[in-house]
Amino acid sequence: RNVNLGGSSFFNCVFSSVNFENSYLRKCEFHQCRFQNCIFLDSETTKAEFYDTSVEFCLFKNLKLGWSYFGNCIISGSNFQLVEVDGLIFSDCQFQNLDFKDLKFSKAYPVKINDCANIIAVEELKKQTKCTSD
């Protein structure tokens, strides 16, 4: 809570029940990490990069997540509410049981899934994440 980790890199870390409320995670890199039951609330996580990382049962609320990259990640049982997702990229990710509510999209900089699907509405995001979870 209330931490500034901007620009930090993490390798093979486990974050269990960590509260990242009012935290600054801009330009952080996470490699082979695991987030379990974590809270990302009222925080900035823009331009963060997640590689081979799992995200399980996490809450992302009132978060700036734009321009971040998720590569070869597993994201399950998590909630995304009031999240800014300008230019967000999911590449080769697996999704399961996600809840999206009141996301903030940009038509100029849509969400990209596997670098081919441009998403500018929550309905499209829900459709794409269901397709890739099979």
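Residue by residue through region 89-112, note down the ones that are closer than 16 Å to LYS127 by Cβ and among the hydrophobic types (A, V, I, L, M, F, W, C).
Within region 89-112, PHE90, CYS93, PHE95, LEU98, PHE100, LEU103, PHE105, VAL111 qualify.
Just need a number here: residues in region 1-30 that are hydroxyl-bearing (Ser, Thr, Tyr) and either in contact with a Cys (Cβ under 9 Å, 6 or more places away or on another chain) or surrounded by fewer than 15 Cβ atoms within 10 Å (Cβ to Cβ) (or both).
First, pick out the residues of region 1-30 that are hydroxyl-bearing (Ser, Thr, Tyr): 8-9, 16-17, 23-24.
Still in the running and either in contact with a Cys (Cβ under 9 Å, 6 or more places away or on another chain) or surrounded by fewer than 15 Cβ atoms within 10 Å (Cβ to Cβ) (or both): 8-9, 16-17.
Selection size over region 1-30: 4.
With respect to the numbered conditions (1) in contact with a Ser or Thr (Cβ under 8 Å, 6 or more places away or on another chain); (2) aliphatic (A, V, I, L, M); (3) closer than 22 Å to PHE100 by Cβ, which one is the sole condition not fulfilled by ILE39?
(1)
Where residues in region 31-66 are polar (S, T, N, Q) and over 15 Å from ASN19 (Cβ atoms), which of them is surrounded by the fewest Cβ atoms within 10 Å (Cβ to Cβ)? Walk me through it before giving the result.
First, pick out the residues of region 31-66 that are polar (S, T, N, Q): 32, 36-37, 43, 45-46, 53-54, 62.
Now drop any that are not over 15 Å from ASN19 (Cβ atoms), which leaves 32, 46, 53-54.
Values: GLN32: 14, THR46: 21, THR53: 23, SER54: 16.
Among those residues, the one meeting the criterion is GLN32.
Does region 61-91 hold any residues that are among the hydrophobic types (A, V, I, L, M, F, W, C) and either more than 11 Å from the chain's Cα centre (by Cα) or within 19 Å of GLY6 (Cα to Cα) (or both), and which are they?
Those that are among the hydrophobic types (A, V, I, L, M, F, W, C) and either more than 11 Å from the chain's Cα centre (by Cα) or within 19 Å of GLY6 (Cα to Cα) (or both): LEU63, LEU65, TRP67, PHE70, LEU82, VAL83, VAL85, LEU88.
I'd like to know if region 92-102 contains one or more residues that are in a loop (DSSP other than H, G, I, E, B) and under 12 Å from the mean Cα position of the chain (by Cα).
Taking region 92-102 and keeping what is in a loop (DSSP other than H, G, I, E, B), we get 92-93, 97-98, 102.
So of that shortlist, the ones also under 12 Å from the mean Cα position of the chain (by Cα) come out as 93, 98.
Checked against the condition, which is being in a loop (DSSP other than H, G, I, E, B) and under 12 Å from the mean Cα position of the chain (by Cα), region 92-102 yields at least one hit.
Read the figures in this text as sums done on the coordinates, not as results from a lab. The structure displayed is predicted, hence computed values, not measured ones. Neighbour counts are summed over all protein chains in view; Cβ atoms, including those assigned to glycine, are modelled from backbone coordinates with ideal geometry.
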